[in-house]
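Chemist: Here it is, the structure, as structure tokens.
Just so you know, all these numbers are worked out from the coordinates, no wet-lab data involved. Because the structure is a prediction, the values reported are computed rather than measured. Every residue, glycine as well, gets a Cβ built from its backbone with ideal geometry; the counts of neighbours run over all protein chains shown.
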Amino acid sequence: MTATALKAATALQPALLKSFYAEMQRIRVIEEEIADRYAEQKMRCPVHLSIGQEAVPVAVSALLSDDDQVVSTHRCHAHYLAKGGDLNAMMAEMHGKAPGCCGGRGGSMHLFDHKVGMLMSLPIVASSIPIGVGAAYGMKQQGKDSVCVVYLGDASVEEGVFHESANFAQLHKIPVIFLCENNLYSVYTHLGDRQPDRPLTQVAASHDLPTDHVDGNDVAAVHAAAEVAIDRARSGRGPSFLVADTYRWREHCGPNYDNDIGYRSEEEFQAWRVLDPIERLRRQLIDSGDLDDAGAQALTDGFKAEIDAAFDFAENAPYPEGQTAAGGVYA
Ligand SMILES: Cc1ncc(C[n+]2csc(CCOP(=O)(O)OP(=O)(O)O)c2C)c(N)n1
Ligand SMILES: [Mg+2]
């Protein structure tokens, strides 16, 4: 355990760690259910699952209020759920139904819930970054102490708009946190083939951003590092760039495992699987005497019924009316 993680784990109360466990497990159960039902073809949108990556959004959202905003990417389910996004609206959206959070027109990569500060998710890589910076600039101009967390994948750093946004944010001391979930891959290409010589933190530091790098599967370590960055933004000291190393368990897009197609190995997957953020925390809580098997079960008991009800809601909801098809189209 790193010094940061050790400090974080000892500082956090067991009750908070248990809530992290439950929240991560809830997101996992929801995404596993999506994967299990995907072949039924009732959800006709692509799905980018975050199974294995649950620690980052859960740790970060615990530090945010509904007035703080987040923006996300194509891989947005966990960000939306951890920020408190409405599950029925998410499931309806994934089924293309009218009560979906985007009116059934967006699908799984367009999850919004403005009541809880889930500003948007966008599938064009890096396109949400300047929008998050703009939202945070607005907060600053209005004299608020709110912040915006911009979730981005390791590939986003290779897009020009990341650099323009980072530069602008630092020049204007904008209260934004660039939270890079480094799952090592951009689709099938390993980070080592894309950035063989430069750590991601070094790329961000070239814009003079304060940077940090944590084990993204250690929820307490992420919480500790995010707390520093969020406090910096909230107190007017400007943006930060935080890299959290993690791993997606399933294929880039879709419900399956794809360790057999050649771009990564079963051995690599298994090495990351033992770093499962949920199982690590469960074991930590059991070892410290703060949780037992029955307690862990009790924390997660209601999730299956909740997601079944959300699927029922989505499947029984109406499709959008045909005559509204041009609504929201700007030309
Ligand atoms: C501008 C742009 N280029 C290419 C794509 C196709 N694409 C979708 S996701 C993705 C990789 C994204 O990798 P990363 O940012 O690391 O996120 P991850 O999928 O690993 O969570 C690519 C290339 C896209 N959506 N937008
Ligand atoms: Mg990636």
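Chemist: What is the gain in length, in nm to one decimal, between ARG105 and ASP197 on full extension, counting 0.36 nm per residue of separation less the C-alpha to C-alpha distance?
Modeler: The ARG105-ASP197 span can extend by a further 29.0 nm.
Chemist: Quick one: work out the % antiparallel among DSSP beta bridges in the chain, nearest 5.
Modeler: 10 percent
Chemist: Determine, for CYS102, CYS148, CYS253, the number of other Cβ atoms within 10 Å of each Cβ, and report the residues in order from fewest to most.
Modeler: CYS253, CYS102, CYS148
Chemist: Of SER156, SER65, how do they rank once you tally other Cβ atoms within 10 Å and put the fewest first?
Modeler: The order, fewest Cβ neighbours first, is SER65, SER156.
Chemist: Something else: Calculate the radius of gyration of the Cα atoms of segment 3-313 to one decimal place, then report Dmax, the largest Cα-Cα distance, as a whole number, both in Å.
Modeler: Answer for segment 3-313, Rg first and Dmax second: 18.5, 52 Å.
Chemist: Over segment 1-120, what is the relative contact order in whole percent, taking alpha-carbon pairs under 8 Å and six or more residues apart?
Modeler: Relative contact order, segment 1-120: 23 percent.
Chemist: For the chain, what does the helix formula give at 222 nm: sum of -39500 (n - 2.57) over DSSP H segments with n ≥ 4, over the residue count, nearest 500 deg cm²/dmol? Please report the intermediate quantities before stating the final value.
Modeler: Values: 14 runs with 147 residues, N = 331.
That calculation yields -13000 deg cm²/dmol at 222 nm.
Chemist: Could you give the nm distance between label points at GLU315 and SER265, where each point is 7 Å from its Cα heading toward the beta carbon?
Modeler: The answer from the label model is 4.2 nm.
Chemist: Tell me, how many Å apart are the Cα centres for segment 165-229 and for segment 230-305?
Modeler: With segment 165-229 and segment 230-305 each reduced to a Cα centre, they are spaced 18 Å.
Chemist: If packing is taken as the mean number of other Cβ atoms within 10 Å per residue, what is the order of 288-298, 181-191, 105-115, highest first?
Modeler: Numbers: 288-298: 12.4, 181-191: 17.5, 105-115: 19.2.
The densest-packed peptide leads the list: 105-115, 181-191, 288-298.
Chemist: Right, here's the next one. Please state the charge dipole magnitude for segment 3-313, taken about the Cα centre, from unit charges on C-beta atoms (+1 on K and R, -1 on D and E), reported in debye and rounded to the nearest 20.
Modeler: 880 debye
Chemist: Can you list the lysines whose alpha carbon sits under 21 Å from that of LYS304, skipping same-chain ones fewer than 8 residues off?
Modeler: Straight-line reach from LYS304, under 21 Å: LYS18, LYS42, LYS83.
Chemist: Among ARG280, ARG237, which comes first, second and so on when ranked by fewest other beta-carbon atoms within 10 Å?
Modeler: The most exposed by this proxy come first: ARG237, ARG280.
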